[in-house]
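Working notes, beginning with the structure itself.
The values are calculated or read from the model by the stated rules, or taken from the named source; none is laboratory data. Just so we're clear, the structure is a prediction, and the values are computed from it rather than from any experiment. All Cβ positions, even for glycine, are placed from backbone atoms using ideal geometry, and neighbour counts span all protein chains on display. For accessibility, only protein heavy atoms count, side chains too; no ligands or nucleic acids. Shrake-Rupley method; radii C 1.70, N 1.55, O 1.52, S 1.80 Å.
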Amino acid sequence: MGIFTDMLEKLTDSSDDLAIATAALSIYTAACDGTITLDEFMEVELSVGAINSKQKISDEAREKIKVISKNHSITWDEVKGYLDKVSKKNLLDMEKGIKEIILASDGTDDAERKVIEDFNSYVDSRS
């Protein structure tokens, strides 16, 4: 099963922001150490494929996700811009997805630990 699957099952008519933020965070996490392993790529593809298969997101959101998926150099500031539009409850669920991507590779390196740190600090700041 791909990342964020539980959240994706709950998509509603207003879920464009959640879908875009999920794709951005997935790509950022997978590429944070400079390379995307085959296993990380497969996790991201499962996630993005699940998002795009949802009938309840707009064509504009699908196009934005397509652009994000091609941009493996997305920055943390860009990701935060997308996360700003997501509820704190959904942010808390996203940490599980980050860990799935990281676990798809061979262990955790400093860059991946920093993603988790930055994400947790971001969530804490959204009180």
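Quick look at the values:
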| read-out | value |
| --- | --- |
| Some residue of region 90-101 being at pLDDT 80 or above, closer than 12 Å to Leu25 by Cβ, among the small types (Gly, Ala, Ser) and under 14 Å from the mean Cα position of the chain (by Cα) | no |
| Pair list, Cβ < 7 Å and 6+ apart or interchain, from region 95-122 residues that are in a helix (DSSP H, G or I) to residues that are polar (S, T, N, Q) and open to solvent by 60 Å² or more (accessible area, probe 1.4 Å) | Ile102/Thr108 |
| Restricting region 59-74 to residues that are without any contact (Cβ under 8 Å) to a residue 24 or more places away in the chain and not acidic (Asp, Glu), the residue that is surrounded by the most Cβ atoms within 10 Å (Cβ to Cβ) | Arg62 |
| Odd one out for Ser73, checked against (1) assigned to a helix (DSSP H, G or I); (2) farther than 16 Å from Glu43 by Cβ; (3) hydroxyl-bearing (Ser, Thr, Tyr) | (1) |
| Count - residues of region 76-92 that are in a helix (DSSP H, G or I), over 13 Å from Ser127 (Cα atoms) and charged (D, E, K, R) | 3 |
